[in-house]
Amino acid sequence: SALNADSVFLILLDEARQELVGVAQSGRSFNNDGYFRLGLDETSMAVMVFNAGETYAVSDVQSDPRCSPRMRARFNVKSALASPLKADGKPIGVLMSISDRTRHDYSEREITFIEGFAREVAIALHTHRLNLLRLEAEARGKEQQEHIQLLLNSTEEAIFGADTEGTC
């Protein structure tokens with residue numbers, strides 16, 4: 001693969017709980033509830049990347065104190081490369097690539113690749129969220145129109161609109 005990755009993780013911010021949530025990973029389907037959660041104050045490479053807003057490459061995760069012992073053990077991480085996902089200049093998550101077989105020293109090409117891929121993922125996620133907001137707004141508008149039409153249809157008397165000077 002372009003990243004020499006054994007696994008890739010999509011980790012998104014849960015704003016309500018102020019946690020990073022691993023919602024997708026190689027070989028598994030999207031899980032909105034998450035495969036794992038990380039507090040924003042927890043020692044973790046993903047948290048570090050999210051908070052700093054910068055890409056980090058760690059060739060020896062096993063001995064790096066910035067990396068989560070819990071995640072290191074769970075996924076047998078040897079090396080990791082992670083880049084922030086940003087929308088409108090704010091962090092929304094992290095894209096992380098790991099090696100779980102051997103240690104790996106990441107090249108500039110791999111770092112540039114994950115940064116570009118992270119930008120594309122962030123754009124896709126942001127566009128999806130904007131589309132959801134648009135659909136919700138359209139549904140609310142339609143519901144309001146239906147309520148107004150119901151009100152107009154249910155009254156036997158005329159309804160007039162007037163401005164603050166009393167003009168109809």
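Every read-out reported here was derived from the displayed coordinates using simple, explicitly stated rules and does not represent laboratory data. What you see is a predicted model, and the numbers here were worked out from it, not measured in a lab. Neighbour counts run over all protein chains shown; Cβ positions are idealised from the backbone, glycine included.
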task: Rounded to whole Å and ordered largest first, report the semi-axes of the equivalent ellipsoid of the stretch 1-68 derived from its Cα gyration tensor (root of 5λ).
output: 19, 18, 10
message: Place a point 7 Å from the Cα of Thr43 along the Cα-to-Cβ direction; which residues of the stretch 58-88 have their backbone N under 20 Å from it?
response: 58-82
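How would you rank 49-59, 92-102, 135-145, highest first, on the average number of other Cβ atoms within 10 Å across their residues?
Numbers: 49-59: 17.7, 92-102: 21.0, 135-145: 10.0.
Going from most to least packed, we get 92-102, 49-59, 135-145.
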- prompt: Looking at Ile148, Gln62, Ala82, which one has the Cα that reaches farthest to the positive end of the dipole of the stretch 36-168 (charges on Cβ: Lys, Arg +1; Asp, Glu -1)?
  reply: Gln62
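Which trypsin sites (Lys or Arg not before Pro) does the stretch 1-60 hold that lie in a coil by DSSP with at most 13 other beta carbons within 10 Å? All intermediate terms of the calculation are to be shown ahead of the outcome.
Working: sites: Arg17, Arg28, Arg37; in loops: Arg17.
Passing sites in the stretch 1-60 are Arg17.
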statement: Pseudo-spin-label distance Arg17 to Ile111, built 7 Å along Cα→Cβ, given in nm, is 3.3
query: What are the extents of the Cα atoms of the stretch 50-168 along their three principal axes, listed from largest to smallest and rounded to whole Å?
result: 79, 27, 21
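How much length is gained on full extension from Ala124 to Arg28, taking 0.36 nm per residue of separation minus their Cα-Cα distance?
32.6 nm
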- prompt: Relative to the Cα centre, what is the charge dipole magnitude of the chain, using +1 at the beta carbon of each Lys and Arg, -1 at the beta carbon of each Asp and Glu, and rounding to the nearest 20 debye?
  reply: 1060
